[in-house]
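Quick note: the coordinates plus some simple rules give every number you see, no bench work behind them. If you're wondering where the values come from, they're calculated on a predicted model, not measured in any experiment. As a convention, Cβ positions derive from the backbone with ideal geometry for all residues, glycine included, and neighbour counts pool all protein chains shown.
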């Protein structure tokens with residue numbers, strides 16, 4: 001793999017943590033008999049502002065010259081051949097076409113410096129930040145570049161540009177989160193911005209693992225940044241509170257999730273909180289895909305719960321809390337990692353099957369919570385389609401499948417997907433798509449559904465974000481990641497993924513779309529995004545208003561703390577499809593809060609800061 005290197009970047013070492021090494025590798029045994037690894041960072045730095053860093057050349061280098069070695073995993077062993085013959089049990093057969101629209105913003109992302117490019121990205125209030133192998137870049141939300149491509153290794157001087165980045169916007173704290181892994185030694189590298197400015201300074205941390213933390217996944221939760229990987233540490237948490245403060249003693253607590261139904265590739269997916277954080281004390285949920293072809297009793301989703309004790313980290317536990325049988329699916333595509341046929345070549349592409357695609361978006365609603373998930377399946381004859389789910393619980397951690405569907409509208413392949421839900425209960429789904437029996441090469445598309453549409457169906461007319469123009473040859477690695485994030489406005493989806501340009505060269509794209517405002521009023525059975533929730537602070541009170549409601553149905557108003565606890569709550573009655581009130585907040589301490597107005601399937605959430 002060719003790597004771009006930047007000029008030497010001077011960083012300020014706030015602490016070398018030489019004395020911290022005596023704590024690394026601490027392995028108490030919790031009350032369930034599980035080994036708990038508790039570690040302090042192997043390194044900590046505060047960087048200069050990113051806008052002062054040298055940039056790297058995001059060269060248009062052909063993919064075959066940027067070949068990246070495969071990460072350390074194998075496909076699961078087929079133990080039940082008969083399971084491969086089962087028909088898909090959630091195949092969508094009717095495709096009503098609600099009006100959609102072209103992307104709001106649609107622009108070229110970084111090319112990346114490794115194959116595949118591993119695109120990831122998130123939207124904040126004013127920026128979109130994209131990460132690829134082996135750099136990241138800051139854009140305005142109109143698509144203009146606010147920086148050049150910045151080497152990931154610039155965040156952790158002396159580190160490798162090893163790749164597999166994850167970019168998150170922590171909307172609860174108004175901070176940016178960037179990570180990548182490191183070889184020799186095996187480490188996870190984490191950077192958290194000092195402020196909400198992605199071009200400002202970062203607090204950066206390095207954590208050592210006994211085994212390479214392959215295929216890393218991160219999430220934001222109320223008490224930590226949770227992490228999973230294809231390694232012997234599949235349930236990990238980092239001290240988010242200390243990281244946000246730039247505290248060099250931020251600990252890592254690592255365990256192994258039990259009873260994993262995967263024989264080889266083990267990559268459970270942690271719940272990532274959008275909207276208000278879950279209440280203080282809520283365990284972080286992990287989700288694992290288990291195919292009955294691997295010897296599992298059913299096609300199913302396994303749910304884990306990780307409960308962290310930051311006072312006594314050795315008491316942290318992770319348990320397998322339930323298994324949820326799904327409609328029948330088949331994850332076996334092609335042979336090995338040659339899964340997706342392409343036009344005009346015998347070279348196939350890796351679909352990254354057998355696991356959930358990133359992210360498991362968690363949303364807190366009035367009276368319940370939701371998680372959306374997706375993965376690739378064989379819809380028949382090695383024809384790739386996207387299976388998706390909406391799980392719900394009644395604020396009790398008992399998850400059930402509210403709806404599921406396999407999106408397979410024609411003979412094209414659809415894979416490398418990512419899914420999210422907006423504040424109106426609508427779902428956006430983005431993915432790669434090609435047609436092996438035509439001249440349509442791997443490009444990017446999206447679809448979606450409104451909250452009131454028939455369950456299990458994507459009803460928004462499929463849209464093309466970018467069309468591929470050539471086949472990739474000489475390598476099967478493709479994508480590895482795609483990433484759908486929800487804008488803090490609660491209605492705009494942002495997606496980044498790989499596509500193939502002239503010569504079969506790997507490129508990335510960034511685009512946004514919404515479904516809350518793009519549907520005609522006669523088609524929309526949920527709330528219409530006419531106006532945002534308006535919150536104005538004055539004289540110890542919040543003046544709160546919302547117009548543009550579809551009805552005068554009763555709503556619930558809440559003020560929620562950063563720990564997820566509902567501090568103030570009341571039932572309110574709109575009049576004339578609008579509502580306003582004044583709320584006394586003089587008793588509240590200074591800090592960050594969320595104001596929420598909503599009902600089942602609809603809410604508007606605004607982040608506020610109370611200063612005294």
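Which three numbers, in whole Å and largest first, are the semi-axes of the equivalent ellipsoid of the range 248-364 derived from its Cα gyration tensor as √(5λ)? Display every interim value, and only then the final one.
On the way: eigenvalues 209, 57, 43 Å².
They are 32, 17, 15 Å, listed from largest to smallest.
Apply the a/c threshold of 1.5 to the C-alpha gyration tensor of the chain and tell me whether it is rounded, prolate or oblate.
It comes out rounded by the Cα gyration axes.
Over the range 329-506, what is the mean sequence separation of C-alpha contacts under 8 Å (at least six apart), divided by residue count, expressed as relative contact order in percent?
20
Using only the alpha carbons of the range 445-508, what is the convex hull's orientation-averaged projected area in square nanometres?
Value for the range 445-508: 5.8 nm².
Highest mean first, how do 490-497, 392-399 rank when packing is the count of other Cβ atoms within 10 Å averaged over residues?
Numbers: 490-497: 25.6, 392-399: 14.2.
By packing density, highest mean first, the sequence is 490-497, 392-399.
Starting from the Cα gyration tensor of the range 61-204, take the square roots of the eigenvalues, sort them a ≥ b ≥ c, and report rounded, prolate or oblate (rounded when a/c is under 1.5, otherwise prolate if a/b is larger than b/c, else oblate).
oblate
For an R0 of 60 angstrom, estimate the FRET efficiency from the Cβ-Cβ distance between residue 31 and residue 346 and round to the nearest 0.05. Provide the component values of the computation, followed by the final result.
On the way: r = 55 Å, r/R0 = 0.92.
Efficiency, from the Cβ-Cβ distance: 0.65.
So how far, in whole Å, is the C-alpha centre of the range 200-275 from the one of the range 299-317?
Using only Cα atoms to place each centre, the spacing works out to 12 Å.
Quick check: from the Cα gyration tensor, does the range 393-435 come out rounded (a/c under 1.5), prolate or oblate?
It comes out prolate by the Cα gyration axes.
Hey, what did the chain get for relative contact order, percent, Cα under 8 Å, at least 6 apart? Kindly include the intermediate steps, with their values, before the conclusion.
Values: 1780 pairs, mean separation 85.4, N = 612.
Reported as a whole number, the value is 14 percent.
Is it possible to state the helix-based mean residue ellipticity at 222 nm for the chain, with each DSSP H run of 4+ residues giving -39500 (n - 2.57), the sum divided by total residues, to the nearest 500 deg cm²/dmol? What is it?
0 deg cm²/dmol, from helical runs alone.
If you scale each eigenvalue of the Cα gyration tensor by 5 and take the root, what three semi-axes come out for the range 534-610, rounded to whole angstrom and sorted largest first?
With the √(5λ) rule applied to the range 534-610, the semi-axes are 21, 14, 10 Å.
Measure off 7 Å from each Cα along the Cα-to-Cβ vector at residue 51 and residue 571, then give the distance between these two points in nanometres to one decimal.
The two pseudo-label positions are separated by 5.0 nm.
How high is the relative contact order of the range 299-404, given as a whole-number percent (alpha carbon pairs under 8 Å, six or more residues apart)?
Relative contact order of the range 299-404: 19 percent.
Please give the length that would be gained between residue 245 and residue 312 if that part of the chain were fully extended, namely 0.36 nm times their separation in residues minus their C-alpha to C-alpha distance (nm, one decimal).
22.1 nm
Taking the simple approach of a point 7 Å from Cα along Cα-to-Cβ for both residue 78 and residue 553, what is their distance in nm?
Simple spin-label model gives 4.6 nm for this pair.
Can you tell me the equivalent ellipsoid semi-axes for the range 458-612? Use √(5λ) from the Cα gyration tensor, largest first, whole Å. Let's see the in-between values first.
Values: eigenvalues 338, 87, 25 Å².
Computed over the range 458-612, the values are 41, 21, 11 Å.
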